[in-house]
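Comments concern the structure below.
The values are calculated or read from the model by the stated rules, or taken from the named source; none is laboratory data. In this text the structure is predicted, and so the values were computed from the model without any measurement. Here the Cβ positions follow ideal geometry from the backbone for every residue, glycine too, while neighbour counts run over all protein chains shown.
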Amino acid sequence: MARILLLSNGHGEDLSGALLAQELQKQGHSVQALPLAGLGSPYRKAGVRLLGSSHEFSTGGIGYTSLRGRLTEIVQGQVLYLLRRLMRLIRHRRRFDLILVVGDVIPVIVAWLSHRPVATYLVAYSSHYEGTLRLPWPCGTLLKSRRFKVVYSRDQLTAEDLSRQLQRPVNFLGNPFMDSVLTAEPTPPSSKQCIALLPGSRRPELEQNLQLLLQLMELLPRTLRYSLDLALVPSLDDDSLKRLSDRCGWRLNNGLLQRDEGIAINVRRGDFSAVLQHSDLVIGMAGTAIEQAVGLAKPVLQVPGRGPQFTAAFAEAQRRLLGPTVFCATGKSGSHEALEATAELAMVLLERSQMDRGLQQQCQVEAKRRLGEAGGGQKMAIEISALLP
């Protein structure tokens with residue numbers, strides 16, 4: 001039995017790390033985690049021990065996406081926090097036989113500094129963004145080091161691209177974060193079409209996103225038969241949701257968000273896979289959750305917000321990553337004109353999801369091309385186990 005430490009830096013990365021940790025534990029290994037950004041809640045939920053305490057910052061580990069985010073991280077002390085995480089790893093490094101990186105250049109650097117053998121899952125990078133992946137310095141140089149025993153990518157195009165660039169094999173086995181949704185029991189078909197609403201998981205951006213989605217719902221026509229499911233993380237409890245809905249002219253009543261005009265939204269917590277499986281169209285302002293929707297061959301409609309994550313720039317990059325089955329209306333983020341255009345496009349896509357065979361087939365093709373098939377976590381765990389003494 002080997003001792004493995006997972007390094008990850010973000011909510012989506014923590015989710016993938018936790019799923020990998022569970023598969024490695026099934027292989028008989030002792031696993032701990034050191035989240036470099038955020039509380040590491042997916043690890044706690046999966047029963048994976050953390051190496052020391054953790055702290056959450058308002059940028060959620062994605063401050064690098066803007067100057068404002070970088071300054072926020074400095075003011076909040078996230079850089080010093082990262083250095084303390086590094087020192088903790090250095091102190092405890094000899095306790096571990098392998099470091100498993102899930103993320104991007106930051107955990108790659110931290111793992112290299114540990115002087116321990118490393119396996120890497122580059123979930124944050126894809127050649128679909130630009131056609132040829134430009135790894136940030138010094139990521140490429142470090143990945144060529146003998147310390148990095150194996151490198152996994154998030155899609156086949158990236159595996160082929162990086163294999164050429166790094167002059168070493170880079171493997172694509174699937175994405176662990178897809179396993180739970182791809183293997184979930186499919187929901188029986190309903191007489192109504194269903195729209196899934198994904199406002200994201202990071203607070204306080206989650207509240208800002210949800211307000212925009214509620215404004216959008218007010219613009220949808222009442223003449224069509226469709227249901228609305230809102231997938232929420234547990235951190236936004238009913239008390240917080242009630243305060244937000246009251247401010248927006250909605251009311252929370254027995255798991256339903258309602259307005260006087262007769263709109264009703266089902267509030268769903270802890271049932272994310274079922275919400276996605278049941279949906280005909282996904283309207284989202286999220287990262288990993290949107291990727292999971294695409295992996296389930298669902299058409300996606302984006303609603304860019306004020307950030308720090310789901311801005312217009314992030315949404316545009318997400319469309320390049322996930323392909324032509326992710327749609328976005330024109331207009332300034334959050335403006336009434338953009339929301340009106342989004343509402344019109346939502347109705348078009350809802351009809352196409354049922355009637356347009358070409359769109360349905362395209363969703364299936366892009367799902368496999370961009371995200372892969374189920375079982376990625378188990379396959380990685382088996383290969384990593386083969387590296388260990």
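List of remarks:
- In the set (1) buried (at least 20 other Cβ atoms within 10 Å of the Cβ); (2) in contact with a strand residue (DSSP E or B) (Cβ under 9 Å, 6 or more places away or on another chain), the condition left unmet by Gly295 is number (2).
- Scanning the stretch 119-157 for residues that are under 12 Å from Ile109 (Cα atoms) and among the charged types (D, E, K, R) gives a single hit, Arg147.
- The selection criterion, being outside any strand (DSSP E or B), in contact with a Gly (Cβ under 8 Å, 6 or more places away or on another chain) and surrounded by fewer than 21 Cβ atoms within 10 Å (Cβ to Cβ), holds for Arg222.
- Here Arg146 qualifies as under 20 Å from Leu98 (Cα atoms) and in the same structural domain as Leu15 (by TED's automatic domain parsing).
- Of all residues in the stretch 298-318, exactly one satisfies the criterion of being basic (Lys, Arg) and surrounded by 18 or more Cβ atoms within 10 Å (Cβ to Cβ), namely Lys298.
- Answer residue from the stretch 166-179, given it is free of Cβ contacts under 8 Å to residues at least 60 places away in the same chain and crowded, with 17+ Cβ neighbours inside 10 Å and is farthest from Thr132 (Cα to Cα) among those: Val170
- Within the stretch 265-279, one or more residues are part of a loop (DSSP other than H, G, I, E, B), crowded, with 18+ Cβ neighbours inside 10 Å and at pLDDT 95 or above.
- The lone exception for Val294 - which of (1) in contact with a Gly (Cβ under 9 Å, 6 or more places away or on another chain); (2) on the phi > 0 side of the Ramachandran plot; (3) not polar (S, T, N, Q) it fails: (2)
- The residues of the stretch 334-343 that are small (Gly, Ala, Ser) and either in contact with a Gly (Cβ under 6 Å, 6 or more places away or on another chain) or at positive phi (or both), listed by number, are Gly334, Ala338, Ala341.
- So Arg259, is it free of Cβ contacts under 8 Å to residues at least 60 places away in the same chain and in contact with a Phe, Trp or Tyr (Cβ under 9 Å, 6 or more places away or on another chain): yes
- Flag for Leu301 being touching a strand residue (DSSP E or B) at 6+ places or on another chain (Cβ under 6 Å) and of a type in the set (A, V, I, L, M, F, W, C): yes
- In summary, helices (runs of 4 or more DSSP H) completely within the stretch 282-357 and bearing 2 or more residues that are outside the structural domain of Gly103 (by TED's automatic domain parsing), at pLDDT 95 or above and out of contact with any Leu (no Cβ under 8 Å at 6 or more places or on another chain) occur at 312-322, 336-355.
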